[in-house]
Amino acid sequence: MSDIEEALKLREKYTHFRILVIGRANAGKTTLLKRVCNTDEDPCIYDENNDNQVHQRGIHDIERQFAFRSNPQFIFHDSPGFETGDEKQLQAVRSFMEKRSKATNPNEQLHAIWSDFVYL
Ligand SMILES: Nc1nc2c(ncn2[C@@H]2O[C@H](COP(=O)(O)OP(=O)(O)O)[C@@H](O)[C@H]2O)c(=O)[nH]1
Ligand SMILES: [Mg+2]
């Protein structure tokens, strides 16, 4: 199988691309994602099964997934950074990544992490 055939076959399995964005509050995460998705609309927040749109705008939680109507194939999660030394925040990201890394369904997996600085 050629590289391109292999890539196409793999791509068929992935209906969604899941991205975690990390950065302190007001860093511009949402603005950046809107720009990347080339949209002005507010993100839609979905429940766990990505079925029902939920209306919990104030709630910020790494488990909360959101997407833009114009680009439903990109699913985002966001988290504040750890610069305040908030151990709870760091732990939430760790367990989120651990859980997602065990997912066998490609659509449940975390495919990329986008961060405003490097955590070592
Ligand atoms: N000056 C300036 N303001 C920005 C930029 N990106 C975002 N903002 C503003 O910063 C505020 C917070 O942005 P937001 O995307 O909601 O940040 P989030 O909390 O990381 O999601 C908003 O009022 C944005 O309009 C930027 O590149 N330059
Ligand atoms: Mg935001």
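When residues in region 1-21 are screened for being in a loop (DSSP other than H, G, I, E, B) and under 16 Å from Pro106 (Cβ atoms), 3 of them pass.
Name every residue in region 23-38 that is more than 10 Å from ligand 1 (Cβ to nearest atom) and either free of Cβ contacts under 8 Å to residues at least 12 places away in the same chain or of a type outside the set (S, T, N, Q) (or both), in order of residue number. Break it down into steps so the answer makes sense when it comes.
Applying the first criterion (more than 10 Å from ligand 1 (Cβ to nearest atom)) to region 23-38 yields 36-38.
Matches in region 23-38: Val36, Cys37.
Within region 105-120, residues that are under 17 Å from Glu83 (Cα atoms) and open to solvent by less than 70 Å² (accessible area, probe 1.4 Å) reach partners that are β-branched (Val, Ile, Thr) and modelled with pLDDT of 85 or more with beta carbons closer than 6 Å, at six or more positions or on different chains, in the pairs Ser115/Ile22. Tell me, please, whether a residue that is more than 13 Å from ligand 1 (Cβ to nearest atom), buried (at least 16 other Cβ atoms within 10 Å of the Cβ), under 24 Å from Ser115 (Cβ atoms) and touching a residue at least 40 places away in the same chain (Cβ under 8 Å) can be found in region 9-16. Taking every residue of region 9-16 in turn, at least one turns out to be more than 13 Å from ligand 1 (Cβ to nearest atom), buried (at least 16 other Cβ atoms within 10 Å of the Cβ), under 24 Å from Ser115 (Cβ atoms) and touching a residue at least 40 places away in the same chain (Cβ under 8 Å).
Condition test on Ile45, is it within 24 Å of Glu108 (Cβ to Cβ), within 16 Å of ligand 2 (Cβ to nearest atom), at pLDDT below 85 and open to solvent by 50 Å² or more (accessible area, probe 1.4 Å)? First the steps, then the outcome.
Working: within 24 Å of Glu108 (Cβ to Cβ): yes; within 16 Å of ligand 2 (Cβ to nearest atom): yes; at pLDDT below 85: yes; open to solvent by 50 Å² or more (accessible area, probe 1.4 Å): no.
No.
The values are calculated or read from the model by the stated rules, or taken from the named source; none is laboratory data. All of these numbers come straight from a predicted model, not from anything done at the bench. We place every Cβ from the backbone using ideal geometry, glycine too, and count neighbours over all the protein chains shown. Just the protein is used for accessible areas: all its heavy atoms, side chains included, with ligands, DNA and RNA removed. Shrake-Rupley method; radii C 1.70, N 1.55, O 1.52, S 1.80 Å.
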